[in-house]
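Asks: I'd like to ask you about the structure that follows.
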Amino acid sequence: MNVVIVTDAWHPQVNGVVRTLDTIGKELRELGHAIRYVTPDQFAGFACPTYPEIRLCYGVRRKLARMIDAFQPCAIHIATEGPLGFAARRYCTRRRIAFTTAYHTRFPEYVHARFRIPASLTYALLRWFHGRSARVMTATESLRADLAGRGFRNLACWNRGVDIDLFQPRDKAFLRLPRPVFLYVGRVAVEKNIEDFLDLDLPGSKLVVGDGPQLNALRRRFPDAHFVGAMHGEDLARFYAASDVFVFPSRTDTFGLVLLEALASGLPVAAYPVTGPQDVLGSAGVGVLAHNLGEAARRALAIPSDECRRFALQFSWRASAEQFLRNLQPVH
């Protein structure tokens, strides 16, 4: 089957959406399907104000249509609600062909955090955007229920996976920091609520792996924390495995791939009891969810590493890809 995936989030961005789409494409190709990505690097564009890692495209309609037509897709998936996503939606609706979408990010909350635009206005726009989608894929059941309550229709679940060969327990001597080491991995941006982690009174060391628009400001504000920038592949896996607790301060993530990466590396999780951590961890006992994040982080130190690893082994990217395939709809 020929599958077109249209996404405004792509390399060199480092985030869960990009990792998910890239990995799903590899899995689908191994299953014998042909994948064509439509991504920002294929069009003219400019850096997003306040977030230069994101590239905003313009003048995309005709070229996008030619690219899709040339591939002769059996299914079209629109991953993001950006310029390419809107152009692909227009392409599909004008031709009256079916398409699917995904709700990866709590965009209304992010926009409110950055620009103070009321979330209700952005949710209204997103209801319109996803309203013609044959399937709106969500990563968790709680997010599906939340969106249903907001008037979204045609919702379907699409779970995530983790690379258990890359992310696994390793030698902790890699990090020569006072222990315990409390780790955050992800974008360094206002919507990730990293200040809640860095403000905690914790023993040992706080380590931040990632890049983003808040990095320099947080470095100046929290000189005792250790900021190492973005890491990938083996380098990233070593930082996970050499730490002691993974702290996830976000209140808005819809899933959090980093949770699975940490657990596969043997790290217990400390997080708020919100969508994402609640869905991933449930009552498995491999993390502590509490409104007092510092208390959660200290309690998580007592969780055995092997229990975290064993829990993560049940998540597979192949199962995620097969679920994605089942959610796709034929264009005609």
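The values are calculated or read from the model by the stated rules, or taken from the named source; none is laboratory data. Quick caveat: nothing in here was measured; it's all calculated off a predicted structure. Every residue, glycine among them, receives a Cβ derived from its backbone with ideal geometry; neighbour counts consider all protein chains shown. All accessible areas refer to the heavy atoms of the entire protein, side chains included, with ligands and DNA or RNA removed. Shrake-Rupley method; radii C 1.70, N 1.55, O 1.52, S 1.80 Å.
Asks: Put +1 on the Cβ of every Lys and Arg and -1 on every Asp and Glu Cβ in the chain; which of HIS104, ALA241, SER316 then has its Cα farthest towards the positive end of the dipole?
Replies: About the Cα centre, the residue reaching furthest to the positive side is HIS104.
Asks: About the Cα centre of the stretch 207-285, how large is the charge dipole given +1 on each Lys and Arg Cβ and -1 on each Asp and Glu Cβ? Please answer in debye to the nearest 20.
Replies: 300
Asks: What is the magnitude of the charge dipole of the chain about its Cα centre, with +1 placed on the Cβ of each Lys and Arg, -1 on the Cβ of each Asp and Glu, and no other charges, expressed in debye to the nearest 20?
Replies: Computed charge dipole of the chain: roughly 1380 debye.
Asks: What dipole magnitude, in Debye to the nearest 20, does the stretch 165-232 give about its Cα centre under +1 on Lys/Arg Cβ and -1 on Asp/Glu Cβ?
Replies: 240
Asks: Once both labels are modelled 7 Å past Cα along the beta-carbon direction, what's the PHE174-LYS63 spacing in nm?
Replies: Calculated label separation equals 3.8 nm.
Asks: Report for the chain the percent antiparallel among DSSP-assigned beta bridges with both residues inside it, nearest 5.
Replies: DSSP beta bridges in the chain are roughly 10 percent antiparallel.
Asks: Which lysines, if any, have their Cα less than 21 Å from the Cα of LYS172, not counting same-chain residues under 8 positions apart?
Replies: Result set, ordered by chain and number: LYS206.
Asks: Another one. Can you give the convex hull volume per residue for the Cα atoms of the stretch 1-80, as a whole number of Å³?
Replies: 83
Asks: Let me know the shape class of the stretch 42-110, please: from the alpha-carbon gyration tensor, a ≥ b ≥ c as square roots of the eigenvalues, rounded when a/c is under 1.5, otherwise prolate if a/b is greater than b/c, or oblate.
Replies: oblate
Asks: Using a 1.4 Å probe over the heavy atoms of the protein chains, calculate the carbon and sulfur portion of the accessible area of the chain as a whole percent.
Replies: 51
Asks: Which value, in Å³ per residue, describes the convex hull spanned by the Cα atoms of the chain?
Replies: Taking the convex hull of the Cα positions in the chain, it is 128 Å³ per residue.
Asks: I've got another one for you. Among the aspartates and glutamates, which have Cα under 19 Å from the Cα of LYS63 when same-chain residues fewer than 8 positions away are ignored?
Replies: ASP8, ASP41, GLU81
Asks: For the stretch 203-279 and the stretch 45-77, what is the separation of their C-alpha centers, rounded to whole Å?
Replies: If we compute the Cα centre of each part, the gap is 30 Å.
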